[in-house]
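What follows is calculated from the coordinates using simple rules that are stated; it is not laboratory data. Since the structure is predicted, the reported quantities are computational estimates derived from the model, not experimental observations. Cβ coordinates were reconstructed from backbone atoms using ideal geometry, including for glycine residues, and neighbour counts include every protein chain displayed.
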Amino acid sequence: MKYIFMYFIVIILVSSILLMLNKAISMIKKKDYEKSSPFECGFNPITKANLPFSLPFFLITMMFLIFDVEIILFTPIILYMKSYSTMLSFMLISLFLILLILTLMFEWMNNYLNWMF
């Protein structure tokens, strides 16, 4: 127990020393509007570079990504169905599909599937 406490003290000490050393050695950067603005062939930018994006579009994208990953995880079960027993493969597929349906129902109940809120 004594060695674990000493280990944590050494970790905190080394981290603090590295942090202070980094602050002492690093350059102080000034905020420059010209360097932070986007470059459009020498002209001033017409629109803002960081326009806000649509939150419903982001939610639809995240749902697509989640379902896409779930389908990718589903393909090895299909490929290895012959090596598993019938009952085990049935239970795996059933569990996977139940989770997929529950996720879809959760998104439907929270109105995440509507494009406009």
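Would you please put 14-26, 57-69 in order of how densely packed they are, using the mean number of other Cβ atoms within 10 angstrom per residue and starting with the highest?
57-69, 14-26
Length gain on complete extension for the stretch residue 2 to residue 57, per 0.36 nm per residue less the alpha carbon to alpha carbon distance?
Values: separation 55, 0.36 × 55 = 19.80 nm, distance 5.35 nm.
Difference between extended and current length: 14.5 nm.
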